[in-house]
Structure formats: C-alpha cells, structure tokens
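**Student:** Can you keep this structure in mind? I'll have questions shortly.
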Amino acid sequence: MTHILPSMPTSRPSGCPFDPPKELVDAREQSPISRFVFPDGHHGWVVTGYDLTRSILADPRFSSRRELMRHHPVIDYGDIEVPPAPPGEFLLMDEPQHGRYRKPLVGKFTVRRMRLLTERVEQITAEHLDAMEKAGPTVDLVTAFAKPVPAIVICELLGVPYEDRGFFQDNIDKFLGGEASDEEVGIAYVAVQQYLAELVAAKRANPTDDVLSDLLDSDLTDEELQGMALILLSAGFDTTANMLALGTFALLQNPDQLAALRADLSLTDQAVEELLRYLTVAKQFFRVALEDVELGGHAITAGSTVVLALNTANRDPARFTDPHTLDIHRQDGGHLAFSHGIHQCLGQQLARVEMRVAFPALLNRFPTLRLAVPAEQVALRPEIADIYGVKSLPVTWDA
Ligand code: HEM
C-alpha cells in the first residue's frame, strides 16, 4: 500500500537540531517513497530512502527543468507559470543544455586545481582567526568566520572584487535563508543580476586571472556567463558557510567526537565527510518525471514532481549503521550530501578543501572553544530555508 505523507514538515520536532524532521524519518520507516500532495493540489512524491534517491538522481527520466516542476512543498504559489531557467543557470536544466555550461567549468574545479588553492584558503582562514582572537573571547562564529571565509574564496575564484563581498553575502542570504519575503527575494535577485551583468562586461573590457575571465574565449554569451556566475556564487558560499557553522555546533554538542578529532587531526577528512552526511545542509532537491515511471512498485505518472529528501536518505539505516549518530570514525562512505548524477556538486572539491582547512585551524587556535549560550538558544534557520544552518553561533574561549 502506498504510504502518504500528509504535508511537508515545517519544523524539526525531534529535539535534535541536526536530525531531519521526524515526519520524514517516520515516513522512510514505512516506505522509501511516499505520496505527497503539494499545497497547490499537485499529486507528487517524496523520496526518503537512500537507494531510491540515488537511482532517481541518476535517471534521465527525471528532469531538473524549473519550468516543469512544482515549486514549493509548503507555500502555495497557485497556477503561476514559471519560465525556464535563464541562460547559464544550469542547475535547473537537463542535457544537452546543462552540459554546455557545466563542461567548460569542470576542469576549473578538479581535485588538483583545488589543492593548488589550499595555501590561499589557509591564509584567508588564518586572517579570520586572527581577527576573531582580537575581537574575542566571545564572537558570533557565523559572521566572524563561517560566512566570510567561503565568501572570499568564491569571490576570488570568480574575480569578484573583495569590497563587493558584503553585497553578495546579504543578497544570497535573502535567496537561501528562508526568511525574506517574496518581494525581498525578487529585489535581491535583480540586484545580483545587474551586478553580474556589469561584472561580465568589466571582465570583457579588462580580463583578469579568474574563472570568469577564462571563459571569455569560449562561445558563451555574456548573458550565459552571467547566469553561470550566479549559480557558482549562490551554490558556492552559503552551503559551505552553513557547513562550517552548523558543523562546529554539531562538534561542540558531541564532545566525545570533538575530543577524538582534537586528539588526532589526521581524522579531519573522515570527519568532514561524516559532518556532510550527518548535517546534509543542502537538504532537498526536486525532479519531475518526464514519462510514466514504475519505481519500487509505485507508478509515478509523467509530470509528477518528486521531492528528494537528501537529509533523510543520508540517515537511512539500510545504508548507514546507526545513522543518527555522528561518528567521525565511520567507514561507510557514499553519502548524498553533494547529490549524485549529472548535477552532482561541481564545487565539492573546493568545499572539501575549505572544510579540511577551516575545522582543524579553528580547533587548533581555540583549544577551549565552546558555546557562549545554552544550546537551545542557538538560532537555527527555519525548516523551509533551501539550505539548513544556524543564523548565528555565539562561541567563547579562555582568553
Ligand atoms: C559543503 C558545501 C556544499 C554542498 C553541501 C553542496 C551541495 C550541492 C548539491 C546537493 C548539489 C546538487 C543539486 C541537485 O542535484 O540538483 C550541488 C550542485 C552544485 N554545486 Fe554545490 N555544494 C557545496 C559547495 C559548493 C561550492 C563551494 C561550489 C563552488 C563553485 C558549488 C557549486 C555547485 C554547482 C555549480 C552546482 C550545480 C551543478 C550542476 O547542476 O551540474 N557547490 N551542490
């Protein structure tokens, strides 16, 4: 019998801020896929099982095209027609359009290229730790460290001037933070688009040494480059920023894991993968069935939107032993925090470099790092935010 999820959960009632909503975990215990009616009446599905999520992500019968899918699992947007993604915004496209934009970028985000960046990431990290030390011994880790470090890294990579960083941080927070009104999101989007149009024109006039300038010789139009830059900027910093802040919170709340990591920093790479799995900040993505598909005994009709709950799939006991435990010694890899298939995160090696540098540097610099407020007072992003995380994380240490 088909399991039905009455509505998409809007909070995390389980008492642990790092766990996916209990309703999704309970749904997965019934079935890896549940029926779910969107607020506008559309009959869709939510997938919570690991194997099924992974196979849908790799299945070309499921599309990422924005214009085909329902848009929000909680808010009712009625019958509004959403146009196709603008040129260059390849996250919301299928092949062959998607590949036209992704291919020229792949070589710029390889493991080797990102390793070369490590030294610069170390410098940026150290500068922020110095500033934190001066400002402390109590600071908000989000504004002092977790946001600015990845913001500077992605701005430098794309050739966005340093002084414009704050503008991006603020506007991208509005897109992804889940708290701005539709009007504010619209204004932020237009402001960023205008800025990027000017940036691309400036690079054409005066190319510099960065990813955007490197693409000027291709057959991509300025409008396409602008769309690609938007995807890179918005995907590239809020996710990493939230991993750094929420990851620190999770370590502080799991003192045995924190102590194990402090005692042996060679476990950092493993700890980063485990934090990615455990927290899955990019928690949900949508796909739409392009044809009738039979999956796990369920008939998914063409046109149905399928919500892929990556955070719940990453807690599937059929795939991960003791999935709700943060265990930095875990051996069972293969998490879906960077997704899978053609849209698998392009910037994952960059994100890994940033986290592998930032976590040990932070722990080394502040051996007595702890929360400055009771854990229940840490302000979390609302569940409807696209990217989960903490709004601020007051921390302190022995000066
Ligand atoms: C810990 C940090 C990050 C997480 C958790 C994350 C997660 C994800 C996920 C889940 C997707 C796939 C969405 C889907 O399947 O529809 C994705 C796509 C993408 N990410 Fe990341 N990401 C992170 C950091 C970055 C960084 C640093 C960049 C820098 C450039 C980046 C650039 C992209 C791009 C361009 C895409 C679109 C890929 C495509 O459609 O082919 N991400 N990311």
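Just so it is clear, none of the values below were taken in a lab; they were calculated from the coordinates. Please read all numbers here as calculations on a predicted model, not as lab measurements. Cβ placement follows ideal geometry from the backbone for every residue including glycine, while neighbour counts extend to all protein chains displayed.
**Student:** I want to verify a result. In a Gaussian network model of the chain, Cα cutoff 10 Å, which of these has the top mean-square fluctuation: 269, 214, 182?
**Tutor:** Of 269, 214, 182, the Gaussian network model singles out 182 as fluctuating most.
**Student:** Return a whole-number percent for the relative contact order of the chain, with Cα pairs under 8 Å and 6 or more residues apart as the contact set. Don't skip to the answer; put the middle values down first.
**Tutor:** On the way: 638 pairs, mean separation 99.7, N = 399.
25 percent.
**Student:** With helices defined as uninterrupted DSSP H runs, which ones in the chain have an alpha carbon span along their own long axis of at least 18 Å and mean Kyte-Doolittle hydropathy of at least -1.0?
**Tutor:** Values: long enough: 118-135 (25 Å, -0.79); 182-205 (35 Å, 0.30); 222-253 (46 Å, 0.77); 348-365 (25 Å, 0.04).
Helix filter hits for the chain: 118-135, 182-205, 222-253, 348-365.
**Student:** Another one. 222 nm [θ] for the chain, helices only, -39500 (n - 2.57) per DSSP H run of 4+, per residue, to 500? Don't jump to the answer; show the numbers that get you there.
**Tutor:** On the way: 14 runs with 177 residues, N = 399.
Per the formula, -14000 deg cm²/dmol.
**Student:** Now, a different point. Return the distance in nm (one decimal) between the two label points of a simple spin-label model at residue 51 and residue 120, each offset 7 Å from Cα along Cα→Cβ.
**Tutor:** Modelled inter-label distance: 4.4 nm.
**Student:** Please arrange 45, 397 by how many other C-beta atoms lie within 10 Å of their C-beta, fewest to most. The partial results should precede the final answer.
**Tutor:** Values: 45 22, 397 17.
So the ranking, lowest neighbour count to highest, is 397, 45.
**Student:** Set Lys and Arg Cβ to +1 and Asp and Glu Cβ to -1, take the dipole of the chain about its Cα centre, and tell me which of 41, 248, 321 lies farthest positive.
**Tutor:** Ranked along the dipole, the leading option is 321.
**Student:** Give the calculated FRET efficiency between residue 202 and residue 131 to the nearest 0.05, with a Förster radius of 25 Å applied to their Cβ-Cβ distance. Please list the in-between numbers first.
**Tutor:** Details: r = 29 Å, r/R0 = 1.16.
Result of the calculation: an efficiency of 0.30.
**Student:** Which residue, 49, 236, 99, has the most motion in a Gaussian network model of the chain that connects Cα atoms within less than 10 Å?
**Tutor:** 99
**Student:** Measuring from centroid to centroid over Cα atoms, what is the spacing of the stretch 193-250 and the stretch 329-399 in Å?
**Tutor:** What the calculation gives is 22 Å, centre to centre.
**Student:** Sort 130, 238, 26 so the one with the fewest other Cβ atoms within 10 Å of its own Cβ comes first.
**Tutor:** On the way: 130 11, 238 27, 26 16.
By the 10 Å Cβ count, ascending, the order reads 130, 26, 238.
**Student:** Report the gain in length on full extension from residue 290 to residue 74: 0.36 nm times residue separation, minus Cα-Cα distance, nm rounded to one decimal.
**Tutor:** Working: separation 216, 0.36 × 216 = 77.76 nm, distance 2.30 nm.
Working it through step by step, the gained length comes to 75.5 nm.
**Student:** Mind giving me the FRET efficiency for residue 217 and residue 61? R0 is 56 Å, r the Cβ-Cβ distance, nearest 0.05 is fine.
**Tutor:** The pair residue 217/residue 61 has a calculated efficiency of 0.95.
**Student:** Mind pulling up the Rg/Rh value for the stretch 65-141? Radius of gyration and Kirkwood radius, both on Cα. Intermediate values should be presented prior to the final figure.
**Tutor:** Working: Rg = 20.7 Å, Rh = 16.9 Å.
Reported Rg/Rh, Kirkwood definition of Rh: 1.22.
**Student:** Between the DSSP loop rule and a limit of at most 13 other Cβ atoms within 10 Å, which GluC sites (Glu not before Pro) in the stretch 1-108 are left?
**Tutor:** 81
**Student:** In nm, to one decimal, how far is the residue 324 label point from the residue 4 one, both placed 7 Å along Cα→Cβ?
**Tutor:** Those two pseudo-labels are separated by 2.6 nm.
**Student:** Which Cα, out of 261, 297, 397, lies furthest along the positive dipole direction of the chain (beta carbon charges, K/R +1, D/E -1)?
**Tutor:** Most positive-ward Cα: 261.
**Student:** If the chain between residue 373 and residue 253 were fully stretched, how many nm would it gain, using 0.36 nm times the residue separation less the Cα-Cα distance?
**Tutor:** On the way: separation 120, 0.36 × 120 = 43.20 nm, distance 1.23 nm.
Roughly 42.0 nm would be gained on extension.
**Student:** Using a 10 Å cut-off around each Cβ, can you sort 152, 33, 75 from fewest to most neighbouring Cβ atoms?
**Tutor:** Values: 152 21, 33 25, 75 12.
In order of increasing Cβ crowding within 10 Å: 75, 152, 33.
**Student:** Continuing with the same structure: Given +1 on the Cβ of Lys and Arg, -1 on the Cβ of Asp and Glu, and no further charges, what dipole in debye does the chain carry about its Cα centre, rounded to the nearest 20?
**Tutor:** Working: 36 positive and 56 negative charges, 169 e Å.
The calculation lands at about 820 debye.
**Student:** Right, next: For the chain, just say rounded, prolate or oblate: build the C-alpha gyration tensor, square-root its eigenvalues into a ≥ b ≥ c, call rounded for a/c under 1.5, and beyond that prolate if a/b exceeds b/c, oblate if not. Please list the in-between numbers first.
**Tutor:** Details: a/c = 1.64, a/b = 1.10, b/c = 1.49.
Because a/c hits 1.5 or more and a/b fails to exceed b/c, the chain counts as oblate.
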